[in-house]
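Engineer: Would you mind keeping the following structure in view while I ask a few things?
The values are calculated or read from the model by the stated rules, or taken from the named source; none is laboratory data. Given the structure is predicted, the values throughout are model-derived calculations rather than measurements. Here the Cβ positions follow ideal geometry from the backbone for every residue, glycine too, while neighbour counts run over all protein chains shown.
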Amino acid sequence: MSFCAHRSTVKILFWSLCLVGLAFFWGVGVPVAGSVLAQQPTGSIPTVTGTPPGPFVTVYTNLLQVRVYAGPSSYTYPPVGILMAGQQVPALGKTADGEWILVRYISIASKQAWVYAPYVSISSSSGALPVVEPPPLPTPLTTPTIDPTLAAAFPAEGTSARLPTFTPPPTIAIPTFVEESTFAIVRFPIGMVIFGLVFLGIFGAIIALTRGR
């Protein structure tokens, strides 16, 4: 066999292998029409919604935000976060009087918080919420102590002393004013006074008539 014939045989084998490989990859990569690949999912994909399952509460939209607390009281328990207007969270329980609702709050370690019931609307299925006992009161950050120096300066027990005897004040004598006349007033009957005046008038008239003659 000559060198040229051998070279032609190698080329024929090379191109034959290329064609076989191309046909193999083409048959695997391109599916036949109507066939279903095993990798394609056959089930439906569930739709994710924002409504929590089970009982839930919704913050009223007329409130900008409301606070949630570590327990069912805004005085004895500290605030642990907030809920925005219209936000919905799962409801887990309520107090015996129904004024506070225990909700799921994932922003803290316990994953639970309490919200004041008048600030939220409760779903229709929340009527069966169980009554939950409130958590123990938090430990105060500082314990009040009494300074011994100040305690010694202000003794708790005062010295006993006898109160002074109460003496009522003397009675105040209010003087009364009596009008005294310098001259002695002689009182005559009013009829005698009138009779004397009439007599003097008649006497004067007689004297005047006598002189007129």
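Engineer: Would you pick out the residues in the stretch 143-198 that are part of a loop (DSSP other than H, G, I, E, B), of a type in the set (A, V, I, L, M) and either touching a Leu at 6+ places or on another chain (Cβ under 7 Å) or at pLDDT 70 or above (or both)? Show your work before the answer.
Structural biologist: Here is the first cut: in the stretch 143-198, the residues part of a loop (DSSP other than H, G, I, E, B) are 143-147, 154-189.
Cutting the leftovers down to of a type in the set (A, V, I, L, M) gives us 146, 156, 161, 163, 172-174, 178, 184-186.
Once the filter is applied, which keeps residues that are part of a loop (DSSP other than H, G, I, E, B), of a type in the set (A, V, I, L, M) and either touching a Leu at 6+ places or on another chain (Cβ under 7 Å) or at pLDDT 70 or above (or both), the stretch 143-198 yields I146, L163, I172, A173, I174.
Engineer: Okay, moving on. Name every residue in the stretch 78-127 that is closer than 23 Å to T139 by Cβ and among the small types (G, A, S), in order of residue number.
Structural biologist: The answer is G81, S107, A109, S110, A113.
Engineer: Any residue at all in the stretch 110-132 that's of a type in the set (V, I, T), more than 15 Å from F56 (Cα to Cα) and at pLDDT below 90?
Structural biologist: no
Engineer: Tally time: how many residues in the stretch 66-78 are of a type in the set (S, T, N, Q) and surrounded by 13 or more Cβ atoms within 10 Å (Cβ to Cβ)? Let's see the steps before the verdict.
Structural biologist: Filtering the stretch 66-78 for residues of a type in the set (S, T, N, Q) gives 73-74, 76.
Retained after the next criterion (residues that are surrounded by 13 or more Cβ atoms within 10 Å (Cβ to Cβ)): 73-74.
Adding up the residues that qualify gives 2.
Engineer: Among the numbered criteria (1) out of contact with any helix residue (DSSP H, G or I) (no Cβ under 6 Å at 6 or more places or on another chain); (2) under 12 Å from F56 (Cβ atoms); (3) touching a residue at least 40 places away in the same chain (Cβ under 8 Å), which single criterion is violated by V89?
Structural biologist: (3)
Engineer: Turning to a different aspect of this structure: Filter the stretch 61-94 for residues that are within 16 Å of the chain's Cα centre (by Cα) and assigned to a strand (DSSP E or B) and give the result.
Structural biologist: Q65, V66, R67, V68, Y69, P79, V80, G81, I82, L83, M84
Engineer: Now for a different question. When you scan the stretch 79-109, how many residues do you find that are closer than 21 Å to V131 by Cα and crowded, with 16+ Cβ neighbours inside 10 Å?
Structural biologist: Qualifying residue count for the region: 13.
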